[in-house]
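These notes are about the structure you will find just below.
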Amino acid sequence: MKKKLVVLSGAGISAESGIKTFRDSGGLWEGHDVMEVASPEGWRRNQELVQDFYNQRRKQARDCQPNEAHLKLASLEEHFDVTIITQNVDDLHEKAGSSSVIHLHGELTKAQSSIDPNLVYELDHWEIKKGDKCEKGSQLRPFIVWFGEPVPKMDEAIQLAKQADIFIVIGTSLQVYPAAGLIDYVPKQARNFLIDPNSPGSGLRRDMVYIQKKATEGMKTLEELLLG
Ligand code: OAD
């Protein structure tokens with residue numbers, strides 16, 4: 001039986017594909033107060049601004065391609081039973097060919113009813129317009145887990161983390177909970193790796209092998225360590 005390899009990825013894995021991270025300088029939030037574009041309050045205050053913000057992200061992500069880090073994670077499926085838990089809302093893991101991807105914070109390629117979070121729709125275009133409605137007649141909103149909203153996929157992610165033989169953290173500042181707390185569920189005997197050019201400070205645990213490199217270079221090193 002193949003060993004279980006679980007990945008927690010964040011914005012940093014998509015940086016080399018041209019998608020800016022959230023908290024690095026020049027990050028996505030610059031010019032935008034986070035609570036303005038990523039909270040239910042922000043949505044209530046200014047739907048147009050929030051819709052436009054995610055429409056632009058969707059348009060940008062549509063033209064982005066997976067990089068070597070996404071591709072290497074996909075090819076690890078030849079050797080391991082791989083599940084990717086991502087905080088990213090882009091679809092670059094899927095484009096790279098990964099077959100098991102859990103999006104903790106939602107997906108840009110989908111829209112959600114603004115009155116019933118269970119109503120989620122695939123989008124085949126980049127823009128959600130004012131007047132685009134769900135089957136219950138309410139405005140469609142981005143399918144994004146905003147600050148203060150529950151993270152419905154969290155329980156599934158915790159169960160996966162608990163079963164990991166190998167756990168890889170890549171490209172996340174580990175500042176946003178509950179996602180960052182997943183590392184606490186990884187069994188003691190599992191092999192832990194962290195790939196990030198910048199140290200995540202308190203998120204770095206003593207039992208982690210820290211590969212201080214960008215995602216694409218870091219994945220090369222990891223591949224050597226895992227496959228020899
Ligand atoms: P952050 O922007 O907080 O962190 C990005 C991490 O990627 C940092 O630790 C960087 O050092 C690292 N990084 C930068 N370039 C890199 C590269 N080329 N290769 C590898 N790592 C690199 O992004 P997240 O941790 O993903 O939530 O942020 C978590 C959540 O905060 C997001 O999912 C988003 C945001 O609010 C929602 O949208 C709900």
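The values are calculated or read from the model by the stated rules, or taken from the named source; none is laboratory data. Keep in mind that this is a model prediction, so the values were computed, not measured. Every residue, glycine as well, gets a Cβ built from its backbone with ideal geometry; the counts of neighbours run over all protein chains shown.
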| field | Residue satisfying condition, being more than 16 Å from the ligand (Cβ to nearest atom) and over 16 Å from T83 (Cα atoms), within set G181, G228 | value | G228
| query | Take the residues of the stretch 167-207 that are acidic (D, E) and in a loop (DSSP other than H, G, I, E, B): which is surrounded by the most Cβ atoms within 10 Å (Cβ to Cβ)? | reply | D196
| field | Residue selected from the stretch 176-204 under the condition closer than 30 Å to S39 by Cβ and among the charged types (D, E, K, R), by the criterion modelled with the lowest pLDDT | value | D184
| Of the residues in the stretch 126-150, how many are surrounded by fewer than 16 Cβ atoms within 10 Å (Cβ to Cβ) and assigned to a loop (DSSP other than H, G, I, E, B)? | 13
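List the helices (runs of 4 or more DSSP H) that sit entirely inside the stretch 2-112 and contain at least 1 residues that are over 20 Å from K214 (Cα atoms). If you could, list the steps in order and put the result at the bottom.
Numbers: elements: 12-15, 34-37, 40-45, 47-62, 68-75, 92-96.
It comes to 34-37, 40-45, 47-62, 92-96.
Being more than 17 Å from the chain's Cα centre (by Cα) and small (G, A, S) is the filter here; which residues of the stretch 66-81 pass it? Break it down stepwise before answering.
Going through the stretch 66-81, the residues more than 17 Å from the chain's Cα centre (by Cα) turn out to be 75-81.
Once the filter is applied, which keeps residues that are more than 17 Å from the chain's Cα centre (by Cα) and small (G, A, S), the stretch 66-81 yields only S75.
Mind checking which residues of the stretch 208-225 are assigned to a helix (DSSP H, G or I), within 11 Å of the ligand (Cβ to nearest atom) and among the aliphatic types (A, V, I, L, M)?
First, pick out the residues of the stretch 208-225 that are assigned to a helix (DSSP H, G or I): 215-225.
Checking which are within 11 Å of the ligand (Cβ to nearest atom) leaves us with 215-219.
Listed by number, the residues that qualify are A215, M219.
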| said: Checking K95 against (1) surrounded by fewer than 21 Cβ atoms within 10 Å (Cβ to Cβ); (2) within 21 Å of F143 (Cα to Cα); (3) within 13 Å of the ligand (Cβ to nearest atom); (4) not hydroxyl-bearing (S, T, Y), only one condition comes out false. Which one? | reply: (3)
